[in-house]
1. Grab the DSSP H runs of the chain that are 4 residues or longer, score each as -39,500 (n - 2.57), total them, divide by all residues and round the 222 nm result to the nearest 500 deg cm²/dmol.
2. Amide H of Cys148: which non-local residues (sequence gap of 5 or more, or other chain) have their own amide H closer than 5 Å, using H built in the peptide plane?
3. Which residue, Gly138, Gly125, Gly62, has the most motion in a Gaussian network model of the chain that connects Cα atoms within less than 10 Å?
4. Please give the contour-minus-distance gain from Leu184 to Asp14: 0.36 nm per residue of separation, less the Cα-Cα distance, rounded to one decimal in nm.
5. Taking a 19 Å limit on the Cα-Cα distance, which of the listed pairs Lys97/Lys180; Lys155/Lys180; Lys73/Lys188; Lys101/Lys155; Lys73/Lys155 fall beyond it?
6. Considering only DSSP beta bridges where both residues belong to the chain, give the percentage that are antiparallel (nearest 5).
7. Taking Lys99 as the anchor, which aspartates and glutamates have their alpha carbon closer than 15 Å to its alpha carbon, excluding any fewer than eight residues away along the same chain?
8. Give the residue from Ala23, Gly47, Val8 lying farthest towards the positive end of the charge dipole for the chain; charges sit on Cβ (+1 for Lys and Arg, -1 for Asp and Glu) and the dipole is referred to the Cα centre.
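What follows is calculated from the coordinates using simple rules that are stated; it is not laboratory data. Fair warning: this is a prediction, and the values are worked out from it, not measured in the lab. Counting neighbours? That spans all protein chains shown, and the Cβs are built from the backbone with ideal geometry, glycine included.
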Amino acid sequence: MSETTVIVKTIGRDTVNNAIKSAQAEGFPVLVVSDGADVPPDPSWRGVEYVRLGRKWGYYGGMAANVGAALAKTEFITFLDDDDEFAPGAGDVVRSKLKEKPDVDVWIGGVRFDREINVNNTTTGETILSSRDLSMNGQLGVVPGNVCMPTYRTKIFASHPFANNVPETDANLTDFYHIKSCELRGFKIDWFENVIYLVRPTLGGINGEGQ
């Protein structure tokens, strides 16, 4: 069965330990990449690989993701920011889907935000959808709001890393632009259609419970 390394990109938030523990609880090997922050490895990070970049590069941890992909030894990788966590049961969902469809190159992860998110058309400003759960519907295809927290076949990054080619106005859509280019290059893409990631769980709590 294909194994997936979780690359935790940290900028020094004190929630990084929660992110690491959530990945380990789901049975994932963990690689922490400190994105230009002075984050000394914690003694509690048992079995966790760690690398510190000399300085921050690029949009939204793009270089940290590229470095993590270069160091990962598993067939697949996924990414977790240091203020996000995995949903309980996410590991079983990921392993089951990878086994069920071994020809898929990129999986889109279902994301639950701690509050309702509006997804707007970047040209017209019109609200496309409003929900706490995004990136859940494969029938919508690769469109803004339906792409977040991808899981990749690791070897993709050898020829197609994250790059600083995202318009400044769309810097928060880094994942979308990268996945769109993967789609244009012919990589096979699918959706987990389950909530895999809890995004910003410390801001307001998940399911109404503060954390």
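1. -6500 deg cm²/dmol
2. Gly109
3. The residue that fluctuates most here is Gly125.
4. Details: separation 170, 0.36 × 170 = 61.20 nm, distance 3.79 nm.
Working it through step by step, the gained length comes to 57.4 nm.
5. Violating the 19 Å Cα-Cα cut-off are Lys97/Lys180; Lys73/Lys188.
6. The antiparallel fraction comes to roughly 40 percent.
7. Output for Lys99: Glu3, Glu75, Asp190.
8. Toward the positive end, the furthest listed residue is Gly47.
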